[in-house]
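Coordinate-derived values only; no laboratory data. It should be emphasised that the depicted structure is a prediction, and the values quoted were computed from it without experimental measurement. Positions of Cβ are backbone-derived with ideal geometry, glycine not excepted, and every protein chain shown enters the neighbour counts.
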Amino acid sequence: MALTGFEKMNIMKYLKEHAMGDIYYGNMRDTLGRRRDKVTDVEFLDYFVEYLASEFRKSDKIYITHLTKVVSCVDAILDWVYEGKQDVSEETIDKIRSLKDFYEEYLERTGVNRDDEFYETMILPVVEKVNKLYPSEEVNESLSKYIGKIAALNITIGKLEKELAEALRLQDVAKSDNEKKDRRIDSLMDDVRTLEKNVRGKEQEILELSGTISELRGRVEELSAELSQVTEDNGELSEFKVKYEELVGEVSRLQNVIAEDIKARTAETELQIKHSTMEALMYQKMLFDRIDVDGLLRYLKENGMKTDRREVVEVLNGMKKVVTLDSSVFSTQPGYKVIQPTLKEDGTFTINVPYGCKHYDVVLTADMHIKDVDGKVLRSYDALIDYCTKNNIHLVLSLGDFFHGVGSYQLDYENAVGNRNVIEKTISDIPAVDGIYYGILGGNHDKNISRYGFDPIKMLSEGREDFLDLGYTHSTVMINSPTSYLGCFDIHHPNDFDFPVDLDDDGIDLEYMNGYLNDIYARQGRDRNDSYIDILGHTHHSQFNYPGGYCYIPEFIDGANKRGACHLRIYFDEDTDIKYMVFMPLSYSTATRLSKNNEIVYQKVKK
């Protein structure tokens, strides 16, 4: 089951967004979503190898940092598929063997100088590994030019042996032909010296063949045996043996270099594990206390970590790239504490409708309360996408509590990581469809997550262009035509303090409702008549108050019988203003299908 174009794009996106030390095969697999366990390691290997071959053959400019990550993936997956005895095609093996030649072709084609570090620490080791794991009787294509010349040398030597044997036979048969035989021998020796000169000219190429240590060593033994026989007939050919002995010494030196590199990489991995453990302890301490670097150092040592002040500062600086840290300068040493990010309140969002448009359609959802992107969440989104596609709807407005929060009332490192993972999984696994956008208003549950130092709604909008950040609690949806402003409506997700409603009641207290809306509009310096209607989430109820000019949208994913959404169609009056609205409640007819129940026509009456 080959990787799709979309999956390949997600894999490359993952590699580009993560540094070498932050790349984990399991997380990269997570980008495949529901096909995570259906794509094999061999298919990953095939894709990465083909990607490298294509880049070297076709690209006018390659990016070494990015290709280093891809080559490291090939290096790691080779071990896994070999240990797991998974079948790898000869085509893929041959392409890996040819990576050196592909890279040299790219350098020759573009005139770019070779990056020695990339060549010696990435390309050559992976070529060596594939030759070691998958030995072949045929010579590596990447060494074909050199080995071909060695083979030609063997053929020439064989011919020399035959010709020498023939000369000896002629000597025995006709002693009188000695002079002719001597001239022939001199000519043959000239050929041998020419061959020696050619071999010496290849010395630099031999030194560069570190990636084929095992294969060359075996070949050296074969050539040494052949050269020993030739040397018995002509002492001058012994120089070949000297050259190959030098090559064996160089091979040994390169083995030591590779061993040192492996040792360095192992030490780097151990350091990453140590820093991850330190980060967890430091994050947990800073969630509850403002503490300086020396205090963090003492806390880490109390928890069995062997470290120093310099290393604590290094990890702390790395954490600043992920969470928001508050630093104080009121003491001799700065103090640090995880703080909530600044949340955008009272946002605005603009819908631009085409000229002469008679109506515009939107789907309204609320209170998704996503704890994990599981089958229930994905089925609900399948139903939503299917309905929007069939009805030519391009905008979904989510009215708060998009996330439920993983342990959102417990401030500890594991829950912080859990919440961040759910957000990242939402970005990677919820299907993205061209032309469908999700405007997301944050609710009280989303605010709880921000206490860990990151804004979940902002993370969504930064992670995918089809997720739009509408802020928290309240947002005004403006509607414009190419020639005029048509009007607006407001969406809300009050928190429990603003809107203390008992969700077990069938009705919503009108006094609470009006009190909340009046406060919102007064805070903004607006009049409630400025908005065509107020639409709210948070209550988990579905209710329409026609004279009050507001309605409630039920929860979309959780809930037994009440869950659903609403199809809103907004009609316009000759490109001047909103004429009226039609609300069409949606419920689940099957696990993956939404259907209309009825239609409610609403036309605003100013209060």
Exercise for review: Return the FRET efficiency for the residue pair Thr110, Glu314: r is the Cβ-Cβ distance, R0 is 35 Å, and the value is rounded to the nearest 0.05.
Suggested key: 0.40
Exercise for review: Calculate I(q)/I(0) for the stretch 289-379 by the Debye formula, one identical point scatterer on each C-alpha and no solvent, and give its log10 at q = 0.11, 0.12, 0.17, 0.22 Å⁻¹ to two decimals.
Suggested key: -0.64, -0.69, -0.90, -1.14
Practice item. Quick one: work out the % antiparallel among DSSP beta bridges in the stretch 415-502, nearest 5. Key: 65
Review point. What is the packing order of peptides 421-433, 57-69, taking the mean over residues of other C-beta atoms within 10 Å and listing the highest first?
Key: 421-433, 57-69
Practice item. Would you give the gap between the C-alpha center of the stretch 537-607 and the C-alpha center of the stretch 2-20, rounded to a whole Å? Key: 39
Exercise for review: Can you tell me the relative contact order of the stretch 367-410? Whole percent, Cα pairs under 8 Å, sequence separation 6 or more.
Suggested key: 72
Review point. How far apart, in nm, are the 7 Å Cα→Cβ label points at Glu91 and His394?
Key: 4.0
**Study point:** Contact order relative to length of the stretch 273-338, as percent, for alpha carbon pairs under 8 angstrom and 6 or more apart
**Key:** 40
Practice item. With r as the distance between the Cβ atoms of Thr576 and Lys596 and R0 = 35 Å, compute the FRET efficiency 1/(1 + (r/R0)^6) and round to 0.05. Key: 0.75
Practice item. Between beta-carbons, use under 11 Å as the cut-off and find the net charge around Gly453, counting Lys and Arg +1, Asp and Glu -1. Key: +2
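Using 0.36 nm per residue of separation minus the Cα-Cα distance, give me the extension gain between Arg57 and Tyr25 in nm, one decimal.
In short, 8.9 nm is gained.
Residue separation times 0.36 nm, minus the C-alpha to C-alpha distance between Lys376 and Glu50: what's the value?
113.7 nm
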Revision key, fill the gap. What the Cα atoms of the stretch 1-62 span along the principal axes, largest first and in whole Å, is 35, 28, 18
Review point. Given R₀ = 25 Å, FRET efficiency for Tyr546-Val433 by Cβ-Cβ distance, to 0.05?
Key: 0.15
Practice item. Could you pull out every residue, at least 5 positions away or on a different chain, whose amide H is within less than 5 Å of the one on Asp292? Hs are placed 1.01 Å off N in the peptide plane, and Pro or chain starts have none. Key: Tyr336
Practice item. Give me the distance in nm between label points sitting 7 Å out from Cα along the Cα-to-Cβ direction at Asn198 and Tyr134, one decimal. Key: 3.1
Point to revise | Virtual paramagnetic centre 7 Å along Cα→Cβ of Asp386, amide N under 17 Å, in the stretch 415-456 | key: 431-433
**Study point:** Highest to lowest packing among 2-9, 128-135, scored as the average C-beta count within 10 Å
**Key:** 128-135, 2-9
Review point. If you find the alpha carbon centre of the stretch 514-536 and of the stretch 94-130, how far apart are they in angstrom?
Key: 65
